[in-house]
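Structure first, then comments.
The values are calculated or read from the model by the stated rules, or taken from the named source; none is laboratory data. None of the values given here were measured: they were computed from a predicted structure. FYI the Cβ positions are ideal-geometry reconstructions off the backbone, even for glycines, and counts take in every protein chain you see.
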Amino acid sequence: MTSPLSVLFLASEAEPFVKVGGLGDVAGSLPKELRQQGIDIRLVIPLHGSIQRRDYDLHLQAAFEIPRGSGSIPAEAYTTQLEGLPVYLISGPPFPPEAPVYSNDWGFDAHKYIFFSLAALELARTLNWQPRILHANDWHTAAAVYWLALNRLIDPFYQRTASLLTIHNLPYLGTDGSAPMGAFGLPAASKSLLPVWARHLPLPLGLLTADYIAAVSPTYAREILTPEFGSGLDEFLRTRAKTITGILNGLDQNYWNPATDEVLPSTYDQANLALRGVNKIALQQEWSLPSDPAVPLLAFIGRLNHQKGVDLALEALRSLVDQPWQIIFLGTGVPELEAAIRQLQNEYPERARAVIRYDETLSHRIYAGADMLLVPSRYEPCGLVQMIAMRYGCVPIVRATGGLKDTVFENAGDQANGFLFNEARPEALADAIRRALILYTNSPRWQELQRHAMQQNFSWERSAREYESLYQKLIKKRHP
């Protein structure tokens, strides 16, 4: 017999085991917080080849078979603990050691993640641990939601299980899954409200059959109902509007803490912001920028792609050459955008630096030393960089979309913590930067804005309470 609230939490990545994007942050933090709140939650992720097994105390927990076509595929589940959270890592032939977490071979990825989704369900059965909630994340685990909807009425083990699917990034619908899904006994949804083109894609099938859908911010939950952000599914999603909610992601505030961050030249908090200036000078010296505390130091940290609005930032900065500013770009991505950032550095060697790499340690120092962070995303389901920036007193300048709109406020009195612009145009971003540059010259008001930003509470405790409330709602709905 299980506890009244037992949750099977599935994700393709999770810190500290493996992280590619924001999903890794969520899956590595949210289940731990829910466990601390007394929920019997188990995290299940694939045993990717990049995971260093020697770094974790992994024990073989179970071995079983996943039916496929006329045969079956062997699966193994290893277990360990993450700060008291039970974690299971599933391996099998679809996850060869050399395979990346995500590849450019869509058929290969569809096969391995459908296998993983079904193996996670079979693992719970093998453990004789009945989850009341199946919590899946993005397209990689949506097949588990679809399988549950097709089978729970005839499967006594899962009859009482409700499903929740969290959307972290809607445009990633999953590849054409018709062949691998069919092989694993999952038919296309031939008669449904989904568009014809989406009836064999993993994420749309999960969205069709999940008992409830969560987006990673309240604004994004509304945006996906519109043609601009709905990825062709907006009309269908509007039919599910009453079962869609938005829960803002949280932040690990112990890890991201300028008062205790060991990689900083100078730690600081709201009470001694003057010490923050040491980090700015150190950053300027590290990257051979003029060491002038009066010149605003801007930053961009993230993937270099169209979604993140890198091109908007480049054009906006060129239109502000009459203003004092420096900027450091940190990230990798589309080669054309990497080249464009290097070109900006060539044009303005006393102002711009292009750091084309992934470097989390450096990101800490940038958050602690830069005055402003540019987040000009064309869409942003939630976003963590703006939360981290505020935690470090680095004032965010963001587009008013998704989670950015839910966390950054301008002209809001004591609630003001940054700057916003509405339209995804370089002129709109330039106007927001100009407003920030003007305020920066007023040191007392600027420090007041920094303190407002640093006072924000983005802890996972808040998000976990909302998810727990939603879990309870789902249980009551399934079995009043």
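At-a-glance table
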read-out	value
Pairs with Cβ under 6 Å, 6+ apart, first in segment 83-111 and in the same structural domain as Asp176 (by TED's automatic domain parsing) and without any contact (Cβ under 8 Å) to a residue 24 or more places away in the chain, second of a type in the set (Phe, Trp, Tyr) and surrounded by 13 or more Cβ atoms within 10 Å (Cβ to Cβ)	Pro94/Phe115
Residue list for segment 112-158, restricted to those being of a type in the set (Gly, Ala, Ser) and either part of a loop (DSSP other than H, G, I, E, B) or not assigned by TED's automatic domain parsing to the domain that holds Ile45 (or both)	none
Ser443 surrounded by fewer than 21 Cβ atoms within 10 Å (Cβ to Cβ) and either among the β-branched types (Val, Ile, Thr) or not assigned by TED's automatic domain parsing to the domain that holds Pro396 (or both)	no
Single match in Asn422, Asn411 (criterion: polar (S, T, N, Q), modelled with pLDDT under 95 and either over 17 Å from the mean Cα position of the chain (by Cα) or surrounded by 24 or more Cβ atoms within 10 Å (Cβ to Cβ) (or both))	Asn411
Failed condition for Asp105, given (1) under 22 Å from Ala27 (Cα atoms); (2) surrounded by fewer than 22 Cβ atoms within 10 Å (Cβ to Cβ); (3) modelled with pLDDT under 95	(1)
Leu420 without any contact (Cβ under 8 Å) to a residue 40 or more places away in the chain and either at positive phi or not in a helix (DSSP H, G or I) (or both)	yes
Some residue of segment 230-251 being touching a Gly at 6+ places or on another chain (Cβ under 6 Å), in a loop (DSSP other than H, G, I, E, B) and not aliphatic (A, V, I, L, M)	no
Scope segment 247-283; condition among the small types (Gly, Ala, Ser), free of Cβ contacts under 8 Å to residues at least 24 places away in the same chain and within 30 Å of Val216 (Cβ to Cβ); matching residues	Ala259
Tally of residues being of a type outside the set (S, T, N, Q), surrounded by fewer than 17 Cβ atoms within 10 Å (Cβ to Cβ), in contact with a strand residue (DSSP E or B) (Cβ under 9 Å, 6 or more places away or on another chain) and closer than 27 Å to Phe184 by Cα across segment 36-61	1
Candidate set: segment 22-37, residues that are in contact (Cβ under 8 Å) with a residue 24 or more places away in the chain and among the small types (Gly, Ala, Ser); chosen: the one farthest from Trp129 (Cα to Cα)	Gly22
Inter-residue pairs, beta-carbon under 8 Å, first assigned to a strand (DSSP E or B) and in segment 159-186, second among the small types (Gly, Ala, Ser) and at pLDDT below 90, 6+ apart	none
Residue among Ile438, Ile433 that is out of contact with any Gly (no Cβ under 9 Å at 6 or more places or on another chain), in a helix (DSSP H, G or I), without any contact (Cβ under 8 Å) to a residue 24 or more places away in the chain and not acidic (Asp, Glu)	Ile438
Subset tally (residues that are modelled with pLDDT of 95 or more, surrounded by fewer than 20 Cβ atoms within 10 Å (Cβ to Cβ), assigned to a helix (DSSP H, G or I) and among the charged types (D, E, K, R)) for segment 327-379	4
Criterion violated by Arg222 - all others in (1) at pLDDT 95 or above; (2) of a type in the set (D, E, K, R); (3) under 21 Å from Leu165 (Cα atoms); (4) more than 21 Å from the chain's Cα centre (by Cα) satisfied	(4)
